[in-house]
1. Sort 98-105, 282-289 for me by packing, meaning the mean count of neighbouring Cβ atoms within 10 Å per residue, highest on top.
2. In whole percent, how big is the carbon plus sulfur part of the accessible area of the chain, probe 1.4 Å, protein atoms only?
3. Rounded to the nearest Å, what's the spacing between the alpha carbon centres of region 45-99 and region 185-235? Just the number, please.
4. Would you mind working out the accessible area per residue for the chain, using a 1.4 Å probe, and quoting it in Å²?
5. Restricting to the chain, what percent of DSSP beta bridges are antiparallel, rounded to 5?
6. So how strong a dipole does the chain carry about its Cα centre when Lys and Arg Cβ are +1 and Asp and Glu Cβ are -1, to the nearest 20 debye?
7. Name the residue farthest towards the positive end of the dipole of the chain from the options 135, 258, 63, assuming +1 on Cβ of Lys and Arg, -1 on Cβ of Asp and Glu, about the Cα centre.
8. If one computes P(r) from the Cα atoms of region 25-199, what percent of pairs lie at distances over 29 Å?
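The values are calculated or read from the model by the stated rules, or taken from the named source; none is laboratory data. Worth saying up front: this structure is predicted, and the values here are computed from it rather than measured. Every residue, glycine among them, receives a Cβ derived from its backbone with ideal geometry; neighbour counts consider all protein chains shown. Please note that ligands, DNA and RNA were not included when accessible areas were found on the heavy atoms of the full protein model with its side chains. Shrake-Rupley method; radii C 1.70, N 1.55, O 1.52, S 1.80 Å.
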Amino acid sequence: MFASLSRTAIPRTSTRAFSASARAQADVNAAVFLEDKGGELVPAAANAVTAAKKLGGKVTGILIGKDEASLEKAIAMSKKLGLDALLVRHAPALEHALAEPTAPVLAELVKKQGFTHLAGPHSALGKNIFPRVAGLLDVQQISDVMSIQDAETFTRPVYAGNAISTVRSQDAIKLFTARASTWEPAQPTESECSVDVAAAENVGPEQAQWVSEEIVKSERPDLASAPTVVSGGRGVKSKESFDSTIIPLADALGAAIGASRAAVDSGYAENSLQVGQTGKVIAPNLYVAVGISGAIQHLAGMKDSKTIVAINKDADAPIFQVADVGLVADLFEAVPELTKKIEEAKK
Ligand code: FAD
């Protein structure tokens with residue numbers, strides 16, 4: 001069954017009151033898939049909780065993993081998110097959060113517990129698991145939700161963020177992923193919720209095999225949630241100059257590091273640092289774009305930043321159309337000078 005879609009171009013907002021929606025709101029019994037990494041909740045899980053709370057009803061968290069012990073920290077973190085209840089489901093096959101075994105567990109829980117909504121982060125894992133759950137439940141997934149008007153009406157970006165689509169779902173179960181940068185993380189509370197731990201039912205087939213993973217450990221702020229981000233693009237020219245220009249400026253500002261896809265593809269920066277349509281979508285207080293032209297796919301990932309600073313030697317670069325502060329200069333001169341000035345000002 002498919003939801004009805006109505007497309008609305010920016011900046012029109014709907015002021016219509018939906019009486020049926022108000023009724024639906026009263027019956028909301030939402031669940032949130034709480035993504036964890038290495039036994040700890042990922043920051044985007046707390047953003048998804050806020051989105052689910054916006055629905056206006058009961059909110060239950062769902063944690064899935066190998067066993068209770070491996071989820072100990074995630075359970076403690078989840079209990080502080082102001083949830084009404086927490087369901088913990090475990091099985092050996094769920095250790096690495098592979099989509100194939102995990103999706104049927106979520107679908108089963110939604111059906112058995114009678115959830116009206118299932119929310120989750122719009123992360124790489126969320127984007128892998130949720131379409132499968134939607135298929136199993138025969139409902140349409142609503143992706144990258146930016147705002148919720150009522151229990152059945154959601155907005156999401158389309159055309160790389162150039163238009164906002166208002167989606168009104170008529171599915172019995174509403175399934176959506178929440179864009180982390182538009183939802184504040186749920187604030188920690190002292191009141192704890194009830195926890196129900198049990199073996200997972202309906203674990204899916206192990207069609208994919210977990211082989212290994214490389215975790216990049218960094219003391220640097222997390223790109224997805226950092227208040228300041230310094231990003232480098234193809235204009236930086238090499239990995240060596242990325243390391244000697246972008247990293248010192250980020251250090252001086254206490255910032256996370258980002259990169260354009262061209263910089264990632266050229267090997268200047270890790271894939272996980274890509275900002276944009278096919279990378280991370282972020283909205284820091286300050287975004288500094290260095291040697292980045294401002295292609296539409298890059299803008300899709302950063303144009304909601306509160307203040308955008310662009311450094312580019314081409315005065316006609318499209319990045320200047322979204323920048324609050326623009327510097328037309330050679331980055332190899334401007335960035336070291338700026339970094340020096342910031343370091344001096346800190347003394
Ligand atoms: P360029 O466009 O080559 O720009 C380099 C800039 O550096 C230029 O403006 C130049 O004037 C400037 N410059 C050069 N030398 C100097 C100097 N010495 N000093 C100052 N400035 C200098 N891109 C993303 O970033 N993120 C995405 O998620 C993404 N997803 C995509 C998805 C699809 C389906 C497609 C088709 C493309 C996607 N892209 C994405 C790629 C995107 O279209 C652009 O190719 C890319 O963003 C360009 O990166 P860039 O700005 O670093 O490089």
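1. 282-289, 98-105
2. The nonpolar share, carbon plus sulfur, comes to 51 percent.
3. Each part's Cα centre sits 11 Å from the other's.
4. Computed with neighbouring chains in place, this is 48 Å² per residue.
5. Antiparallel bridges: around 25 percent, rounded to the nearest 5.
6. For the chain, the charge dipole is close to 1020 debye.
7. Towards the positive end, the residue furthest out is 135.
8. That fraction is 11 percent.
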